[in-house]
Amino acid sequence: MMSQAIPQLAGHRILVIGDLILDEYLIGQATRMSREAPIPVLEFETRRLIPGGAANPAANVVALNSQALQIGVIGSDSAGTNLRQVLQAKGIDTQGLIIDAGRPTTVKTRIMAQMGLRFPQQVARLDTLSRESISEHVERRIREIIHQHITQAEAVLLSDYHIGLLTPSLVQTIRHLAQQHEVLLTADAQGHFDKYSGFTLVKCNADEARSYLRRNLQTHQEFANAAIEICRTLKLTGGMVITRGADGATLALRDGPAIHCPAPVVTDVYDTVGAGDTAIAVLTLAAAAKIPYPEGVTLANYASGIVVRRVGNYTPSLEELTLAVQDKL
């Protein structure tokens, strides 16, 4: 049974590298409409800080009883301090955080209105960020940290939010070090595929696959052909995964067929934020545990199905994943 594979997701050490984001939620009670503009006036109730971007896969890894070393850049600001504290509270190893005083910590601030529903509704979002590529000095420091820790890792997970950290030269270095030490390489490319040639496993969603291939994809066969094409183009050594929401995911194995992995039926979808991060975390842990790829993709589908029933980034536990697979959650 698939549930018997779930405990195998625990006990691994993963390096998680990518664009770090602090997700800030400002939640207030909607009391009236503003006289100044056609918007609700919110009376502040609470503030939540959650790991976002590449920090979310790390949080998922730890929630599944494995270890994550977070490697990334924060600013010399209060948001950077907050993000470090949030990561440490989650049990994530923060030795790999680098402070770059020349750029701000990336923050996504969501204004949420509490309106008597199960979850608050998003009213607006304000992003604080720099899209400039990291400096040569910062890139060199990241390389040193990776070189120092990769021998203790079973896999390196790259989470690319296109905010300047995963430069082509840095990805090339990571690929070389991983191959040298025979460490698994996985990536959530989010549409930027070419950098990730030669990786073990790459994940994207349906829209990213359509954009990359510049053609419409609708049927199982069309997605199968797309996954095979991307897998072969990138010369992946494991497989290519295209996640498709309620339609599950399509997996193309190296030199093999494409397989459709259905998703569980989820009727109460509230927020898709973070589902992709959970998927790549589960896929990485499953690969590290040598769980067959189709089974790993199916487990990722179940884990993502738990996430979309919550608002904001959510990190399922082994127990929740087991209950979901057993259709008890």
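Read the figures in this text as sums done on the coordinates, not as results from a lab. Everything numeric here is computed off the predicted structure, so don't read it as measured data. Because the Cβ atoms are built from the backbone with ideal geometry, glycine has one as well, and the counts that use them run over all protein chains shown.
Structure notes:
- Trypsin sites (Lys or Arg not before Pro) within segment 174-215, DSSP loop, no more than 14 other Cβ atoms inside 10 Å: Arg214, Arg215
- All aspartates and glutamates inside 14 Å of Lys235 as judged from Cα atoms, apart from same-chain residues fewer than 8 positions distant: Asp194, Asp255
- Each Lys or Arg adds one and each Asp or Glu subtracts one; over the other residues with Cβ under 12 Å from the Cβ of Ser66, this totals -1.
- Angstrom value of the Kirkwood radius, inverse mean 1/r, which spans all Cα pairs in the chain: 20.2
- Using alpha carbons only: equivalent-ellipsoid semi-axes of segment 130-184, gyration tensor based, whole Å: 21, 12, 9
- Tensor-based shape of segment 1-148 (alpha-carbon gyration tensor, a/c under 1.5 rounded, otherwise prolate or oblate): oblate
- Counting 0.36 nm for each residue step from Glu222 to Ser317 and taking away their Cα separation leaves a gain of 30.8 nm.
- Cα centroid of segment 7-60 to Cα centroid of segment 253-315, whole Å: 20
- Semi-axis lengths, Å, segment 192-282, gyration tensor of Cα atoms, sqrt of 5 times eigenvalues: 21, 14, 13
- Largest first, the extents of the alpha carbon coordinates of segment 2-67 on the three principal axes equal 56, 28, 17 Å.
- Percentage, to the nearest whole number, of Cα pairs in segment 67-213 over 19 Å apart: 61
- Under the simplified labelling scheme, the Gln4-Glu43 pair shows an inter-label distance of 5.7 nm, with each label point 7 Å from Cα along Cα→Cβ.
- About the centre of its Cα atoms, the chain shows a dipole size close to 140 debye [charges on the beta carbon of Lys, Arg (+1) and Asp, Glu (-1) only; nearest 20 debye].
- Dipole-positive endmost among Gln190, Gly28, Val307 within the chain (Cβ charges, Cα centre): Gly28
- Loop-located GluC sites (Glu not before Pro) in segment 59-144 (DSSP state other than H, G, I, E, B) with a sparse environment of at most 11 neighbouring Cβ atoms within 10 Å: Glu132.
- Taking the centroid of alpha carbons for each part, segment 70-93 and segment 127-168 are 15 Å apart.
- Antiparallel DSSP beta bridges within the chain, percent to nearest 5: 45
- Selected from Gly53, Gly102, Gly238 as most flexible by GNM, with the chain as the system and alpha-carbon contacts under 10 Å: Gly102
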